[in-house]
Every structure is written in structure tokens, then in C-alpha cells.
Amino acid sequence: MAQSKLVKGLTHSRVWRSLFRHGWPDNPLDRSLTMTSNIFFHLHPVKVSRKSLRWQYSFGLGVVATILYGVLIFTGVLLMFYYVPSVERAYPSMKEIQLSVPLGQFTRNMHRWAAHGMVLVVILHMVRVFYTGAYKPPRQFNWVIGVILLLFTLGASFTGYLLPWDQLSFWAITVGTNIASYAPGAGPVMREILLGGTEVGQDTLIRFYTLHIALLPLSLALVVSLHLWRVRKDGGLAATEVPDGEG
Amino acid sequence: MTNELPVKDEVFPKDTSKSYAIVEMVRGDSPMVGKGPDDTVFSFPIVLLWEILLLLGVTLAIFLFSLAKQAPLDAIANPQITTDPAKAPWYFVGLQELLEHMHPTLAGIVIPGVLVGFLMSIPYLDNSREFAGVWFSSKRGKRIVVWTAVYTVIAMVAFIAFDNAFSIRETLRGVAPPWVAQWVIPGLILAVIVLLPVVILWRKKGSARDIMIALFTVMIVSAVVLTISGFLFRGPGFEMYWPWQMPDGYNPWDEL
Ligand code: HEM
């Protein structure tokens with residue numbers, strides 16, 4: 001291996017060797033170790049089949065959904081520094097974010113468009129998984145996990161929709177949660193549990209806020225981890241199984 | 001394209017008269033032992049670069065979009081003044097459209113419940129293993145998708161337009177009890193729309209996968225039609241308008 005003095009000095013230094021258990025990744029062994037000895041890279045196997053990387057197979061939609069989730073966490077945490085989930089202060093804090101917080105409007109834009117994008121991309125991902133028949137054995141349960149992810153994604157988006165506390169969000173949530181009250185028997189009770197009262201108010205706002213910034217993102221993180229772990233355990237993408245010359 | 005999956009052993013055919021064989025010596029960097037030549041690439045750095053590229057691309061797209069379009073902020077919430085129209089977010093507006101055409105329990109609870117149940121049970125209804133990882137499974141699958149999609153667009157648009165023009169609920173008022181107008185008739189219409197492709201495939205001896213393809217296509221195309229109708233074609237009072245003739249300067253895109 002033709003390594004420069006610099007690289008050699010770097011990869012043999014005590015600091016490097018305490019951080020990484022592999023040398024400079026320019027050879028098969030170290031490239032393998034780069035993956036197997038790193039918790040983040042360990043989502044992937046050391047080598048993946050070329051077929052599963054084909055763009056026209058997956059369109060990268062699952063990866064894009066994961067990226068959008070990351071963008072949402074990042075911009076969402078920034079918004080949390082300013083947003084106050086109270087009926088009196090929610091709307092003024094939105095105005096403040098837009099008018100006086102540096103890049104506030106831009107951060108809010110990114111959060112909102114990424115949220116719409118994530119709902120759309122997750123639906124498209126499901127459509128692609130269905131039409132490629134990737135739910136078939138042994139991936140049945142990962143499909144079921146996916147359906148749960150779809151529901152969580154819709155829930156996260158819907159609960160976030162209320163937070164600006166403007167006319168748009170107030171009436172959209174009123175219309176949306178009215179649907180719950182049509183469940184036979186338990187309907188009105190279900191709506192009351194959802195809203196924390198009989199109509200959209202402070203109790204609703206704090207419920208939706210808690211779901212939106214804690215419960216649903218954490219559940220998503222957990223279940224997405226399970227989903228990605230299972231993709232690997234199921235032998236990578238279903239495209240890998242297609243015999244050469246087909247598909 | 002054959003219907004049978006080729007035998008995997010073809011890569012290294014077994015010779016049964018020998019108990020051992022040296023198959024081939026190859027220079028390579030694959031950790032895969034005991035398998036045929038594989039078509040794989042190192043995750044590091046290839047897959048990683050792909051992902052970094054996607055990350056940059058997605059972020060850039062959101063950046064540009066966020067520069068071009070501002071997130072909407074309406075007047076402060078006022079429980080005394082209803083907005084007109086009051087629409088659910090776009091991913092639920094298809095359900096809201098459905099609510100216009102039948103009993104709310106049917107549209108808001110039963111149908112979504114059935115859909116989630118259907119989605120979750122797809123892998124158990126179709127437990128075939130063939131053609132996993134192949135788009136539409138086969139040419140036949142692709143034809144089923146195209147025909148079912150065209151059919152569903154026509155059927156759902158006709159259903160929405162018909163019910164909008166001659167409201168089933170109003171026409172049958174006083175003639176039949178409300179549960180007929182709001183449960184039985186719309187339920188039957190939807191059941192026929194959904195089951196017609198299934199029956200046709202059944203008679204043509206379609207596989208479980210064929211039937212799943214038809215059902216899923218009906219579901220997703222109906223959802224798209226209902227969403228477009230609710231989002232673009234409903235104006236004040238949730239009444240039907242042509243999108244280019246929306247009264248009061250109402251623009252659904254302002255409410256994203
Ligand atoms: C938060 C939402 C989701 C995330 C972040 C996510 C992420 C991913 C990723 C990164 C992959 C790898 C392949 C690819 O990029 O396409 C994948 C595969 C898969 N996903 Fe998802 N997914 C989500 C929702 C869903 C949904 C809604 C379904 C189905 C109902 C689903 C079912 C599957 C299945 C079966 C695979 C294996 C596909 C194959 O083998 O070709 N996922 N997912």
C-alpha cells in the first residue's frame with residue numbers, strides 16, 4: 001500500500017488508534033473493518049449487491065425518508081428554542097420566530113416543507129415496496145413495521161399542524177378530530193381523550209405538543225431502527241434475490 | 001422471461017461422480033466463501049458516498065423550496081369564527097371528501113380501519129415467494145396495474161361527480177330510511193368498484209399476487225382521486241368548484 005507519510009503518521013497515532021480500530025480504508029481489509037467496527041456504519045454489511053443499489057429499483061425513497069426525518073429533528077429542535085405551547089403565547093412565538101429570530105422564517109419553512117415531503121415520500125416508499133413485491137417472505141413483518149411507521153408519520157405531521165395556533169391549524173384539527181367522534185359507541189370519548197376536553201383548547205395544544213416533540217419522534221426513531229435492522233437481517237433488499245438477467 | 005426461477009447451482013454445477021473439486025482460483029477481495037462470483041461492492045466508501053450525495057441533494061432541495069415558498073401563518077386561532085372552507089391537512093382531505101358521500105362512521109372509521117387492516121395483512125394474504133424484487137412482478141402484473149388504474153380513475157370520478165350532481169342522500173330523503181342512503185348504497189357502490197377487478201382476475205385464475213396488485217392499485221388510485229377532489233375541487237362551504245373558478249380568491253395551495 002502506497003501510503004503517504006502523513007496518512008501513516010495519522011493512522012498510527014495513539015489518538016487515531018483509540019478512536020478507530022482500523023487503518024486507512026484504501027484496502028479490502030480496512031474497508032471491511034471500517035464497516036464492522038463502527039456502530040453507525042454497521043447498519044450496512046461490508047459489501048452490498050450492485051442490484052440493490054440500482055436507482056430504478058428503490059429510487060432511494062427509504063433513505064430519503066430517513067434523511068427527511070433527520071432534517072425535521074434538526075430544524076424542529078431549533079424551533080423548540082423559541083416556541084411556547086400555550087394558547088396565549090403559541091401564536092406570538094410563531095410571529096417572533098418569523099419576524100425577529102435570525103433565519104427563523106427559513107427554519108420554519110424548512111421544517112414545514114420537510115414534513116409535507118416526508119409524508120409524501122413515505123407513501124411513495126410504500127408504493128414502491130408494494131409493486132416490487134418486497135413484502136414477500138422473509139420480509140412480511142418488515143412490511144407490517146412499515147405500516148406502523150406510516151401511521152406514526154401521519155400522526156407526527158398531524159400533531160405538528162396544530163402548533164402554530166392560527167385559524168388554519170385550529171380548524172383543520174377541529175375537522176380532523178371530529179372524525180374520531182364518529183366511531184360507534186366510544187367515539188365521543190375517544191375524541192375527548194385526544195383533545196383533553198370537548199373542544200380544541202389549551203389541553204389539546206399541550207397534548208399535541210408532547211406527542212409531536214417527544215412521543216412520536218422517539219417512537220419513530222425506535223421503530224425506524226428496528227425497520228433498518230430488519231432490512232439487513234432479511235438479507236438486504238429484495239432486489240438481491242432476483243436471478244441475473246431478470247427484473 | 002421464464003416462469004421458473006433458474007436453479008441457483010448453475011454458477012458452479014455439481015459433478016456427482018467426484019467427491020471434491022477445485023473449482024477456480026480467483027484473485028479478488030470478496031469475503032464471500034463457498035458462493036459463486038458475486039456482484040457486490042464495498043459499502044465503504046460506495047454506499048456511504050451515495051448516501052452523502054442523497055443527503056446533500058435532499059437538503060439542497062428543501063433549501064431552495066424554503067427560499068421560494070414561505071410557510072403559511074393565518075390569523076390567530078379564533079374558536080368563534082369558522083374558516084370557510086375548513087379543510088383537514090392534505091393527507092386527510094381524501095377522507096374528508098369521502099365524508100361528503102356517506103355516513104361519517106362509514107367514511108371516517110370503517111373504511112380507514114379496513115384499509116389499515118388490509119395493508120397490514122397484504123404479506124399474509126399473498127405469501128408467494130416468486131418475483132420478489134421485480135417491479136410489478138411480470139408483464140402481466142404491469143398490465144393489471146395499468147388497467148386497474150385507468151378503471152379506478154373513471155369509476156371514482158364518476159362516483160364523486162354523480163353523487164355531487166344528484167345527491168344520493170337528498171334524492172332518497174323520505175323515500176328510504178337514512179341508513180339505506182348513507183350506509184347501504186354508498187357501501188355497495190364502493191364494494192362493487194373494489195371487487196369488480198378482483199372478480200375478473202378470479203375468473204381468469206389470477207394468482208394471489210395479481211389480486212393484491214389489483215386491490216392495492218384500486219386503493220392508492222382512489223386515495224389520489226379523493227385527495228385531488230377534496231384538495232383542488234372543493235371551495236367555500238366544501239362545495240364543488242372548478243379549480244380555476246374558485247370564489248372569494250380562495251387558493252388551496254395557500255393552506256399547505
Ligand atoms: C418513517 C418511514 C420509513 C422509513 C424511514 C423507511 C426506511 C427504509 C429504508 C432506508 C429502506 C431501505 C431501502 C430503501 O431505501 O428503499 C427500507 C426498506 C423497506 N421498507 Fe421502509 N421505511 C419507512 C416506511 C415504510 C413503509 C410505510 C413500508 C410499507 C408499508 C415500508 C416497508 C419496507 C420494506 C418491506 C422494505 C424492504 C424493501 C426491499 O427489500 O426492497 N417502509 N425502508
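Among the residues of the stretch A:119-162, those identified as facing chain B (nearest Cβ under 7 Å), in a loop (DSSP other than H, G, I, E, B) and buried (at least 21 other Cβ atoms within 10 Å of the Cβ) are A:Thr132, A:Gly133, A:Ala134, A:Tyr135, A:Lys136.
Residues considered: B:Leu73, B:Leu98. Of these, the only one that is surrounded by 14 or more Cβ atoms within 10 Å (Cβ to Cβ), facing chain A (nearest Cβ under 7 Å) and more than 16 Å from the ligand (Cβ to nearest atom) is B:Leu73. Filtering the stretch A:33-67 down to residues that are more than 7 Å from chain B (Cβ to nearest Cβ) and away from the ligand (no atom under 13 Å from the Cβ), which residue is nearest to the chain's Cα centre (by Cα)? Among those that are more than 7 Å from chain B (Cβ to nearest Cβ) and away from the ligand (no atom under 13 Å from the Cβ), it is A:Phe40.
Where in the stretch A:53-118 are the helices (runs of 4 or more DSSP H), entirely inside, with at least 2 residues that are within 29 Å of A:Gly146 (Cβ to Cβ) and of a type in the set (S, T, N, Q)?
By residue number, A:55-58, A:61-80.
Among the residues of the stretch B:190-212, those that are over 14 Å from B:Ser128 (Cβ atoms) and touching a helix residue (DSSP H, G or I) at 6+ places or on another chain (Cβ under 6 Å) comprise B:Ile193, B:Val194, B:Pro197, B:Val198, B:Leu201. With the structure loaded, tell me whether A:Leu78 is touching a His at 6+ places or on another chain (Cβ under 6 Å) and of a type in the set (A, V, I, L, M) or whether it fails that test. Judged against the criteria, A:Leu78 is not a match. The residue of the stretch A:192-213 that is farthest from B:Trp183 (Cα to Cα), among those that are open to solvent by 30 Å² or more (accessible area, probe 1.4 Å) and over 23 Å from the mean Cα position of the chain (by Cα), is A:Gln202.
So, in the stretch B:117-128, how many residues would count as being open to solvent by 50 Å² or more (accessible area, probe 1.4 Å) and closer than 13 Å to B:Ile220 by Cα?
At the first step, the residues of the stretch B:117-128 found to be open to solvent by 50 Å² or more (accessible area, probe 1.4 Å) are B:120, B:124-125, B:127.
Subset that is closer than 13 Å to B:Ile220 by Cα: none.
Residues flagged as open to solvent by 50 Å² or more (accessible area, probe 1.4 Å) and closer than 13 Å to B:Ile220 by Cα within the stretch B:117-128 amount to 0.
The C-beta contact set for the stretch A:186-202 (first residue more than 12 Å from every other protein chain (Cβ to nearest Cβ), second residue surrounded by 13 or more Cβ atoms within 10 Å (Cβ to Cβ) and part of a loop (DSSP other than H, G, I, E, B), distance under 8 angstrom, 6+ apart or interchain) comprises A:Leu195/A:Gly201. Among the conditions (1) assigned to a helix (DSSP H, G or I); (2) at pLDDT 95 or above, A:Leu168 misses just one, which is (2). Residues in the stretch B:192-245 that are surrounded by 19 or more Cβ atoms within 10 Å (Cβ to Cβ) and of a type in the set (Lys, Arg): B:Arg209, B:Arg234.
The values are calculated or read from the model by the stated rules, or taken from the named source; none is laboratory data. Predicted, not measured: the structure shown is a model, and the values here were computed from it. Because the Cβ atoms are built from the backbone with ideal geometry, glycine has one as well, and the counts that use them run over all protein chains shown. These accessible areas exclude ligands, DNA and RNA; they are computed on the full protein's heavy atoms, side chains included. Shrake-Rupley method; radii C 1.70, N 1.55, O 1.52, S 1.80 Å.
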